[in-house]
1. Does any residue of the range 101-118 turn out to be assigned to a strand (DSSP E or B), farther than 17 Å from Phe160 by Cβ, touching a strand residue (DSSP E or B) at 6+ places or on another chain (Cβ under 6 Å) and aromatic (Phe, Trp, Tyr)?
2. Taking the criterion of being in a strand (DSSP E or B), closer than 19 Å to Ile42 by Cβ and of a type in the set (A, V, I, L, M), would at least one residue in the range 122-140 satisfy it?
3. Any chance you could count how many residues in the range 76-94 are out of contact with any helix residue (DSSP H, G or I) (no Cβ under 8 Å at 6 or more places or on another chain) and part of a strand (DSSP E or B)?
4. Would you mind stating whether Tyr118 is crowded, with 18+ Cβ neighbours inside 10 Å, in the same structural domain as Arg38 (by TED's automatic domain parsing), over 27 Å from Ser30 (Cβ atoms) and within 11 Å of the chain's Cα centre (by Cα)?
5. Quick one: Phe97 ticks every box in (1) in a loop (DSSP other than H, G, I, E, B); (2) free of Cβ contacts under 8 Å to residues at least 12 places away in the same chain except a single one, so which number is it?
6. Regarding Tyr156, is this residue in contact with a Phe, Trp or Tyr (Cβ under 8 Å, 6 or more places away or on another chain), farther than 21 Å from Ser201 by Cα, crowded, with 17+ Cβ neighbours inside 10 Å and in contact (Cβ under 8 Å) with a residue 60 or more places away in the chain?
7. Mind checking which pairs have a first residue in the range 197-213 that is free of Cβ contacts under 8 Å to residues at least 24 places away in the same chain and a second that is in a helix (DSSP H, G or I) and not charged (D, E, K, R), Cβ under 7 Å, 6 or more apart or different chains?
Amino acid sequence: MKNINIKQKKETQPKSTNYDLMGAEIVTISKLKKLNARAFEIMKDWDNKATVYYYAENKIIKKDFKLDEYLDDDGLGFVFAHDLTIEGDLIQMEGDFGPHLIVLGSLNARSVDVGGSYIEVDHHCNAKEMIYGYYNHGVLKINGTVSAKYIISEDYCFEFKKTDSKNLILNIDVYNCNLERIFLPKLIKSEFSLDTKAIRSYLAEGKEILKKNWKIVEPDEDDDE
C-alpha cells in the first residue's frame, strides 16, 4: 500500500500592509487563541475564517478605515482588544465577502457602511450619522447599544441587541419599493441601488438625505395612483 503524506495548510502571513495600523501585531489563529480567548470564541463560529489577523489594543484611526483595501491579502482580519475609534467612516463596499472585523470594546465612527464582511462589536456602536448594510452575505452584530441618526438595511443582516430610541431605522427591499419616494434624486445610483458614497458626503456636510414627505412605497401602490 502506497504511503501518502498529507501536508497541513500553513497559516500564512499577509502579502501586504496597505493600511497604517502602527502598533498592530500580525497574528495567526493559533496565536490569537492564546492571546485573546474572547476574540477566538467569536471567530471560531464563523464559516469563512481568516488565517491571519491584525491585533491591536485601543486604536484611533484619523481618516476613513477602508476594509476592502485588504481584499488582496490572504485571509486577513482585524481584532481590536478594546475600543476602535475612526474619525472618518468605516467603509466596506464589496457585497459578497470582506475582511473580518472584531472589536471587543466599542466602535465609534462618523458612519458605518458595510457589505460582505463579518463584523462583531462586543460593546456599543456609536455612529454620528449613519449605519448602512448592503446585501445579504455579511453580518454586523452589536452586543451593546447601537446609536446612529439613520440605520439603513438594504437586504442586509443586522444583529442588534438594543438601539437608541432616536434612531430612524429603514429596512429597504430595493426590488420592491420605490427609492425615489424615499431618498433625494442625487443619492440614487440606479432604480435598485443607492449611492452610499454620496449619502455619506451629504451627512458629513449636515445635509438631509430623505425627501420631506418620504414613505416606503410598494410598486402596486404606485399603480393605484
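The values are calculated or read from the model by the stated rules, or taken from the named source; none is laboratory data. Quantities reported herein were computed from a predicted structural model and do not represent experimental measurements. As a convention, Cβ positions derive from the backbone with ideal geometry for all residues, glycine included, and neighbour counts pool all protein chains shown.
1. No, the conditions are met nowhere in the range 101-118.
2. For the range 122-140, residues in a strand (DSSP E or B), closer than 19 Å to Ile42 by Cβ and of a type in the set (A, V, I, L, M): present.
3. The qualifying residues number 4.
4. No, not satisfied.
5. Status for Phe97: all satisfied but (2).
6. So Tyr156 fails the test.
7. The qualifying pairs are Ala198/Leu187; Tyr202/Leu187.
This table checks each residue for (1) at pLDDT 90 or above; (2) aliphatic (A, V, I, L, M); (3) crowded, with 16+ Cβ neighbours inside 10 Å.
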site: Asp173; (1), (2), (3): no, no, no
site: Cys177; (1), (2), (3): no, no, yes
site: Leu184; (1), (2), (3): yes, yes, yes
site: Glu191; (1), (2), (3): no, no, no
site: Ile199; (1), (2), (3): yes, yes, yes
site: Asn213; (1), (2), (3): no, no, no
site: Glu218; (1), (2), (3): no, no, no
site: Glu221; (1), (2), (3): no, no, no
